[in-house]
Amino acid sequence: MTKMLILDTDKCAGCRLCEMVCSIKHTNKCNPSRACVHVVKWDEFGFFLPMRCQQCDDAACLAVCPRKAIYRNEEQGCVLIDYDKCIGCKACIIACPFGAMSYDVALRRVVKCDLCNGDPQCVKFCPMEAIEYIDSSCVNLKKMREAGFKIANLISALCENDKNNHNLSKFSKHI
Amino acid sequence: MTYLYQGNILFVNLSNGEIKAVPTESYSDKFLGGRGINIKILYEQLTPGINALDPESVLVFGTGPLTGTPAPSCGRIHLMAKSPITGFEGESSAGGYWAPELKYSGFDHLSVKGKAEKPVYIWIRNGQVEIRDASHIWGKGNYETTVSIREELGDPEIKVISIGPAGENMVNFASVLTDLGHAAGRTGMGALMGAKNLKAIAVRGFKDIEIADIEGFMNYSLEVHKQIQKDPTRLELSKYGTSRLYDHGMINEHYYAATDNFRRFEWPEAPSMHEFFEKHLVKKVGCFGCPMRCMDFYSIPGVGKAITSCNVYYGTIWAAKIKDMRIWLELTTLCQEAGLDTQSVGNMLGWLMELYEKGIITEKDTDGIRMLWGNREAIIETTRKMALRQGLGDLLAEGIEQAAKQFGSDAENCAVHIKGLPLLSANFLSFTGAPLSTVVGPRGDPMSGDLGEIAGPETPCEGSPCAQILMEDTLAATDSMGVCQWVGPLMGLPFGMQQQARLFSLGSGIEMTPEGLMEYGCRIRNLEMAFDVREGRTKGDYKFPKRLLNTPAPDGKFKGQQLKSEKLDQLEKEYYRLRGWNVATGVPRRETLEKVGLNGIANNLEKLGNT
């Protein structure tokens with residue numbers, strides 16, 4: 001797969017904009033309860049987690065489907081449903097360990113994140129950049145740089161008396 | 001097909017249990033939504049002249065057409081009722097996540113009348129309404145109430161708006177809260193709910209909001225979101241909240257805070273809010289669909305846990321001279337759980353501290369507490385007693401105006417309130433628009449219109465009636481659309497009349513222009529004044545406090561300057577003249593009411609003799 005959705009939970013403010021735009025994209029109605037992403041919130045701890053399909057390499061939903069209606073699109077890196085084959089048995093809802101497979105009452109079918117055909121709306125709209133859609137081969141690099149920046153600043157503070165004056169903090173984490 | 005609106009307004013009568021729904025469109029054509037429809041419902045449903053806490057009083061909750069959509073920052077709920085503090089319009093709004101859920105549950109507005117025989121809460125689930133027993137949660141704090149209701153009804157996603165013990169005890173300045181700390185604090189809305197035995201309203205919904213031009217609405221919403229995200233004000237608020245704005249660095253340059261109960265504008269020992277923020281902030285949090293994330297979430301075990309922004313810092317720290325920020329967090333947590341307006345509490349604590357300093361009150365009056373500036377016992381114990389109406393708290397709970405009467409004229413002269421509303425601990429010489437805004441606005445609020453700019457030699461602190469009118473109408477329209485004032489006109493961010501009108505047009509399929517929105521704003525302001533007039537408001541009722549007039553500032557940037565009462569009076573008259581209201585009384589003239597399409601209201605006022 002080329003790209004994947006990656007979360008930064010520190011950045012998520014729990015605003016639920018992702019839920020709204022996801023629902024509009026998939027149903028043409030604004031209704032977070034019909035979205036494929038849902039922000040699970042722990043207000044008393046200030047912790048927010050946008051939960052959605054993990055697009056598993058060895059997906060439980062794919063494995064359990066009696067009609068082989070679920071398949072992987074390797075190019076987009078996502079797991080998709082072929083509604084022509086789906087019989088609505090809902091075994092996939094039971095199988096998914098992330099609760100990512102849900103059911104749309106109005107459309108009468110199971111639904112899951114399909115990465116919006118390569119243009120995920122949640123990523124487009126998230127004001128905090130808490131959800132990103134990035135190249136799988138360097139998915140951890142941004143976080144690595146951000147953590148490295150913090151460490152670099154610590155080392156720089158320790159090296160204050162160093163004659164060579166390694167002023168590491170001058171490096172912006174956004175390079 | 002109804003676009004943007006859900007199309008139903010819920011009316012609940014707690015005296016007789018009657019529940020009915022009325023089409024929103026019978027109100028939205030002329031009053032748009034949010035604050036606009038709220039005032040129309042209130043005008044219609046409330047019997048003029050009754051006591052604000054009478055069982056027949058009316059409390060309205062309003063969302064706007066954009067609420068619950070991806071338009072930026074459309075998560076606020078607007079409350080409106082006759083204020084138990086002023087006797088005129090009471091209005092307060094709260095952020096968080098309750099308003100969109102009310103809409104998803106099927107209703108644009110909720111109007112509550114009557115009084116339940118014993119404590120109840122209203123439960124709205126996807127259009128189904130139930131009035132449930134609340135005796136097991138009566139007495140609980142606000143967040144506790146939310147947790148209890150979620151457990152009782154078996155759904156952790158239920159959104160709750162509630163009162164704490166202060167509202168239950170009908171404390172004059174009690175607030176209404178949702179989530180962890182999103183408060184509708186001003187004008188005593190919590191007392192309304194307490195008077196109705198209404199502990200909370202729980203909502204949960206799964207209904208669609210329809211959008212007319214989906215692609216257009218989505219594309220333009222994204223554009224407005226991006227514009228807001230680039231704005232430097234947004235960058236500051238999103239990263240630092242208001243901690244740097246109310247830090248002594250900024251205040252000691254622009255002098256917009258008052259201390260010593262409005263006697264001084266310099267406080268060298270002011271604590272560093274920013275230091276506290278850096279050390280103790282757990283997370284920056286925000287409201288539904290909002291790119292600002294302006295709220296600060298603090299949690300210190302053993303001290304407290306609270307969400308805060310702007311006036312929660314502003315109204316307390318300088319007011320009571322709280323040097324130790326941990327005491328501030330303890331106070332804020334207490335106010336949020338008990339449901340008390342922090343601005344009122346801060347103001348009243350500062351007032352009591354001055355009275356004690358001068359010997360006007362002693363330990364005899366304060367149940368043995370030494371009312372010292374910044375003192376933890378004085379602050380926490382007094383506030384707790386206010387919420388529970390214990391000891392001195394019982395008198396204070398009646399509000400500063402009543403409490404001052406008890407302590408005598410010296411105490412009354414020190415009380416800084418407007419029509420009973422304790423004023424924000426601000427320096428009214430600093431923002432040019434604040435004094436006029438407080439006197440002519442809908443609820444005695446310095447930020448209800450044109451805040452102006454920081455006064456300087458070229459910009460005296462006077463206020464501009466014309467700017468005040470334009471801003472009031474803009475904010476009234478904003479509040480009626482369901483948009484948060486902070487991402488729009490109030491902070492100068494790019495979600496103003498133009499953007500709001502365009503989003504409304506795309507979303508509803510009904511053409512709206514910025515001028516059209518301003519017309520709604522003007523009509524709403526006229527109806528708000530008509531409501532107040534019907535309740536007996538006349539010029540001079542929102543009387544600017546004595547202490548803040550004709551008194552040269554003793555220190556700071558504005559040392560020696562003063563607000564002159566004749567000047568303020570002149571500005572108020574000019575405001576009425578430009579509004580088309582009677583210059584001597586502030587009563588909207590018939591021609592003006594007819595011009596804005598309120599002929600029925602004009603007739604009604606005439607019949608009642610209020611002209």
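I need the full set of residues from region B:402-418 which are within 22 Å of B:Met170 (Cα to Cα), of a type outside the set (S, T, N, Q) and surrounded by fewer than 18 Cβ atoms within 10 Å (Cβ to Cβ), in order please. Result: B:Lys405, single match.
When B:Arg326 is tested against (1) under 22 Å from B:Ala174 (Cα atoms); (2) in a helix (DSSP H, G or I), exactly one condition is not met: (1). Scanning region A:70-94 for residues that are small (Gly, Ala, Ser) and farther than 15 Å from A:Asp57 by Cα gives A:Gly88, A:Ala91. Taking first residues from region A:66-84 that are among the polar types (S, T, N, Q) and partners that are buried (at least 17 other Cβ atoms within 10 Å of the Cβ) and not in a loop (DSSP other than H, G, I, E, B), the Cβ contacts under 6 Å between residues at least 6 apart in sequence or on separate chains come to A:Asn73/A:Leu80; A:Gln76/A:Leu115. Each residue in region A:82-115 was checked for being farther than 16 Å from A:His38 by Cβ and touching a helix residue (DSSP H, G or I) at 6+ places or on another chain (Cβ under 8 Å), and 6 pass. Kindly establish whether B:Gly289 is assigned to a loop (DSSP other than H, G, I, E, B) and either assigned by TED's automatic domain parsing to the domain that holds B:Phe61 or touching a residue at least 40 places away in the same chain (Cβ under 8 Å) (or both). It is true that B:Gly289 is assigned to a loop (DSSP other than H, G, I, E, B) and either assigned by TED's automatic domain parsing to the domain that holds B:Phe61 or touching a residue at least 40 places away in the same chain (Cβ under 8 Å) (or both). The single condition among (1) surrounded by fewer than 16 Cβ atoms within 10 Å (Cβ to Cβ); (2) at the interface with chain B (Cβ under 8 Å from one of its Cβ atoms) that A:Asp58 does not satisfy is (2). B:Ile322 falls short on exactly one of the conditions (1) under 30 Å from B:Pro84 (Cα atoms); (2) within 22 Å of the chain's Cα centre (by Cα); (3) surrounded by 21 or more Cβ atoms within 10 Å (Cβ to Cβ), and that condition is (2). For region B:1-16, a tally of residues being among the small types (Gly, Ala, Ser) and either on the phi < 0 side of the Ramachandran plot or out of contact with any Gly (no Cβ under 9 Å at 6 or more places or on another chain) (or both) returns 1.
Every residue, every condition in (1) in a loop (DSSP other than H, G, I, E, B); (2) at pLDDT below 95; (3) in the same structural domain as B:Arg264 (by TED's automatic domain parsing); (4) of a type outside the set (D, E, K, R), yes or no:
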position	(1), (2), (3), (4)
B:Leu429	yes, yes, no, yes
B:Pro457	yes, yes, no, yes
B:Glu462	yes, yes, no, no
B:Gln500	no, no, no, yes
B:Phe504	no, no, no, yes
B:Gly507	no, no, no, yes
B:Met518	no, no, no, yes
B:Ile524	no, no, no, yes
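For B:Ala195, indicate whether it is touching a Pro at 6+ places or on another chain (Cβ under 6 Å), at pLDDT 95 or above and more than 24 Å from A:Asp104 (Cα to Cα).
no
For region B:550-566, the tally of residues that are crowded, with 18+ Cβ neighbours inside 10 Å and either within 28 Å of the chain's Cα centre (by Cα) or not charged (D, E, K, R) (or both) stands at 4. Of note, A:Leu80 does not satisfy the criterion of being on the phi > 0 side of the Ramachandran plot, among the aliphatic types (A, V, I, L, M) and more than 14 Å from chain B (Cβ to nearest Cβ). Could we say that B:Lys539 is closer than 25 Å to B:Gly49 by Cα, in contact (Cβ under 8 Å) with a residue 24 or more places away in the chain, of a type in the set (Lys, Arg) and out of contact with any helix residue (DSSP H, G or I) (no Cβ under 6 Å at 6 or more places or on another chain) here? So B:Lys539 passes the test. Helices (runs of 4 or more DSSP H) fully within region B:188-286 that include at least 3 residues being small (Gly, Ala, Ser), crowded, with 17+ Cβ neighbours inside 10 Å and away from chain A (no Cβ under 11 Å): B:189-195.
For (1) part of a strand (DSSP E or B); (2) without any contact (Cβ under 8 Å) to a residue 60 or more places away in the chain, each residue gets a yes or a no:
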residue	(1), (2)
B:Ile37	no, no
B:Pro48	no, no
B:Asn51	no, yes
B:Pro55	no, no
B:Phe61	yes, no
B:Pro65	no, no
B:Gly87	no, no
B:Glu101	no, no
B:Gly106	no, no
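Considered as a group, the residues in region B:506-531 that are charged (D, E, K, R) and touching a Pro at 6+ places or on another chain (Cβ under 8 Å) include one that is farthest from B:Ala411 (Cα to Cα), and that residue is B:Arg525. Filtered by the rule that a residue be polar (S, T, N, Q) and without any contact (Cβ under 8 Å) to a residue 12 or more places away in the chain, region B:8-35 gives a lone residue, B:Ser26. Looking across B:Ser15, B:Ser26, one residue alone is closer than 18 Å to B:Ser57 by Cα, among the hydroxyl-bearing types (Ser, Thr, Tyr), over 24 Å from the mean Cα position of the chain (by Cα) and in the same structural domain as B:Phe61 (by TED's automatic domain parsing). It is B:Ser15. Out of the residues in region A:8-55 that are within 15 Å of A:Tyr133 (Cβ to Cβ) and either acidic (Asp, Glu) or surrounded by fewer than 16 Cβ atoms within 10 Å (Cβ to Cβ) (or both), which is nearest to the other protein chains (Cβ to nearest Cβ)? Among them, the one singled out is A:Asp8. Among residues of region B:292-323 being within 9 Å of chain A (Cβ to nearest Cβ) and assigned to a loop (DSSP other than H, G, I, E, B), the one that is nearest to B:Glu223 (Cα to Cα) is B:Met292.
The values are calculated or read from the model by the stated rules, or taken from the named source; none is laboratory data. All figures in this text were calculated on a predicted structure; none of them were measured in a lab. Cβ sites come from the backbone with ideal geometry, for glycine too, and all protein chains shown count toward neighbours.
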